[in-house]
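Enquirer: Sharing a structure with you now.
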Amino acid sequence: MSVDLEKLLRPVERPMAPFPPKYMVLASGENMVVRQVGRKDIPSILPYIRPLIHVERDYYDLVAARIYAELLAYYRYRVQDEYVLVVQVEGELVAVVNGRMVNADVGMSYHTIALRRGLRVGAHAFAAKMEYHFDILNQKEVLIVAESPIGFRRWMIEYELEKRPGIQHELGGVPSYALTKELFDRARGTLIVGRRPVPEDVLAKAEEAILPPSDPPRPPAYLMAAARSEYDPTGTALMLQQWKQEGKV
Amino acid sequence: MRNVYAIGIGITSFTRLEFQLVEIASYPVMFALRDCGLKQVDQLYVANMGGARLNHQTALGSAVVDSCNLLPAGAATIENGPASGAAAIKEGFMAVASGMHDVVVVTGAERMREVNGLEATDFVASLTHPLAEYIYGVTLPSLAAMFTRLYMEKYGVTERHLAMVGVKNQNNALKNEFAHLQQAITLEGILDSEEAFTNNPYVAEPLRFFDCCPVSDGGACVILASEEVAKKTGRPMIRLAGVGQSTDTHAVLARKDPTDLLAVRRAAAQSMEMAGVKPKDVDVAELHDAFTILEIAESEEVGFFKKGEGHLALERGETELGGKIPINVSGGLKGRGHPVGATGVAQAYEMVYQLRGEAGERQVKDAKVGFTCNFGGFGNNVICLTFIRED
């Protein structure tokens, strides 16, 4: 008797209501679109995550490595009930968030990675992810952990998450925190913003292609400056000044 | 007194740096020495406010002079709150002007991102009056917020004016590769859109997130020298022509009118008088905009505009690059960042850069006279510098 091993390895997935795209205006005045993508889009995203695996600053290496693996696992049917939201400005990929349904009532947040910084892009993306769990999937709570101090500040402190000491998050490490429906509702209009429907032209631009980040990590230009952080922008700026003094730029 | 010239400059990025504080203070020195072609100096001053408290590093002067291979030059650390930078420049100026030394290195450095934002805010608040302010929970953002509220009531400044300063300076920072903030912002994004309140929440009402300078690490250096040494470098002759310093009450509440920045007015007048210039002669200025309201208030006190009319000049675009008196074209504290001990030196760096005509995209055309205001405490220790290009 032949056995289709792939059928055994693939999880049985439950139907999940789709995330309706939304948009918001950033501090830069640009429109930012949050929308759900499917498996076919993952190969377009992975090349933009991969360089971040080498960025030590702010735990980008850890988060990028993990979200890369999670996206790959989603693409290859190795995680049950996972979803992926992409965040774009004029088509440019500025953030990716993902998570999964544990059961009908409980969701699990996986990762949030911002490819553009300084405009609250990651915070907006995380808020959209939470909106998906509560408003679209109608869940009661979402389990969350943070891997970086920035994440801890953004999620645990800003949302005042509740501790779940007895529950181990799938990402391992520290015990889970949880965002409950009540806490989520309290953050509406302040931490959770955005509008629907997305203007047709703005959505069309986002769906046309997932464009690369406009400011990707670069190799170190000045080794002393890059001693601890392979792509520390400081090194680039110091080198620029040196080049100016030497008349090279 | 002898004439004193700024002959060499150097700077690091203002951001979160992964170096030790000593290194942050040393890199700009190395760049400034290359800039002027010197290898030996007589004296080194390091401006720093928080090394002992934030970085467990004292005696920075001794550390940096060795780190830069400048032994056996004299060395000392200058701590004067957020005005440490300009205070160190004043010391350097006096050393050269008096004839005691021919070449003095002044470097400023701070590593504030070693601690979290709350600790950094508390550290800066340690400059407030211990009994009249600090014990009541006063921080610099809260002091600035109360000052802003009074200014709004008295002179009609609005949140839109504050946001306009923020947009101007943060967008100026895009032309400065060493600036901390490298993202453009717009009035729509931080004030007018549905999402503006989330993008730009109140920190201490009426001051919002984009009204406050970031907490930065960074270092900057200016080398001061006698005329004889300056001529040998072959670089444009930038004279530190005026130095003014004034103080005011430690506690803001002890002032007759808290909106009256008396120390700024006195320090600016002293500095300009010493240099033999008037406010109308200044081509480019760096004012201490730790909070957006301060740029408006200082622009009035130093004499660029009448009291209560700074925000009107802002509306007319007079403080923009290309305007009548461009202010904070480097991005200022708001956009370039504010490593407290380094700020006063970074302001001087910018003046030398501008007056040399080397500032590239942010160059103020034909700049001959530059002015800086380094605002210590909440206006209780202010130092103003005036630079003149001699052709």
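The values are calculated or read from the model by the stated rules, or taken from the named source; none is laboratory data. Small disclaimer: the values here were computed from a predicted structure and weren't measured. Virtual Cβ from ideal backbone geometry, glycine too; neighbours counted across all protein chains shown. Ligands, DNA and RNA are stripped out before the accessible areas are found, and what is left, the full protein with its side chains, is counted by its heavy atoms. Shrake-Rupley method; radii C 1.70, N 1.55, O 1.52, S 1.80 Å.
Enquirer: Quick check on my filter: what residues within region B:6-32 are open to solvent by 20 Å² or more (accessible area, probe 1.4 Å), more than 10 Å from every other protein chain (Cβ to nearest Cβ) and modelled with pLDDT of 90 or more?
Expert: Filtering region B:6-32 for residues open to solvent by 20 Å² or more (accessible area, probe 1.4 Å) gives B:15-16, B:18, B:20, B:22-23, B:30.
Next, only the ones that are more than 10 Å from every other protein chain (Cβ to nearest Cβ) stay: B:20, B:22.
Correct list: B:22 only.
Enquirer: In addition: Just a yes or no: is a residue in region B:151-170 at the interface with another protein chain (Cβ under 8 Å from one of its Cβ atoms) and either more than 30 Å from residue B:42 (Cα to Cα) or without any contact (Cβ under 8 Å) to a residue 60 or more places away in the chain (or both)?
Expert: no
Enquirer: Residue A:207: at pLDDT 70 or above, open to solvent by 60 Å² or more (accessible area, probe 1.4 Å), over 20 Å from residue A:114 (Cβ atoms) and away from every other protein chain (no Cβ under 14 Å), yes or no?
Expert: It is true that residue A:207 is at pLDDT 70 or above, open to solvent by 60 Å² or more (accessible area, probe 1.4 Å), over 20 Å from residue A:114 (Cβ atoms) and away from every other protein chain (no Cβ under 14 Å).
Enquirer: Something else about it: Answer yes or no as to whether residue A:55 is buried (at least 16 other Cβ atoms within 10 Å of the Cβ), free of Cβ contacts under 8 Å to residues at least 24 places away in the same chain and not small (Gly, Ala, Ser).
Expert: Considered against the rule, which asks whether it is buried (at least 16 other Cβ atoms within 10 Å of the Cβ), free of Cβ contacts under 8 Å to residues at least 24 places away in the same chain and not small (Gly, Ala, Ser), residue A:55 comes out as no.
Enquirer: Any idea how many residues of region B:79-117 are touching a helix residue (DSSP H, G or I) at 6+ places or on another chain (Cβ under 7 Å), open to solvent by 10 Å² or more (accessible area, probe 1.4 Å) and among the acidic types (Asp, Glu)?
Expert: Of the residues in region B:79-117, 2 are touching a helix residue (DSSP H, G or I) at 6+ places or on another chain (Cβ under 7 Å), open to solvent by 10 Å² or more (accessible area, probe 1.4 Å) and among the acidic types (Asp, Glu).
Enquirer: Determine if region A:49-57 includes at least one residue that is over 30 Å from residue B:167 (Cα atoms) and within 14 Å of chain B (Cβ to nearest Cβ).
Expert: Yes, region A:49-57 contains at least one residue that is over 30 Å from residue B:167 (Cα atoms) and within 14 Å of chain B (Cβ to nearest Cβ).
Enquirer: Within the set of pairs 6 or more residues apart or between chains, which connect a residue that is within 13 Å of chain A (Cβ to nearest Cβ) and within 30 Å of residue B:10 (Cβ to Cβ) inside region B:196-221 to a residue that is open to solvent by 20 Å² or more (accessible area, probe 1.4 Å) and of a type in the set (Lys, Arg) with Cβ atoms less than 7 Å apart?
Expert: Partner pairs satisfying both residue conditions: B:217/B:16; B:217/B:111; B:217/B:113.
Enquirer: Which condition does residue B:40 not pass, out of (1) farther than 20 Å from residue B:104 by Cβ; (2) open to solvent by 20 Å² or more (accessible area, probe 1.4 Å), if it passes all the others?
Expert: The failed condition is (1).
Enquirer: Could you check region B:171-189 and list, in sequence order, the residues that are within 7 Å of chain A (Cβ to nearest Cβ) and modelled with pLDDT of 95 or more?
Expert: Across region B:171-189, the qualifying residues are B:184, B:185, B:186, B:188, B:189.
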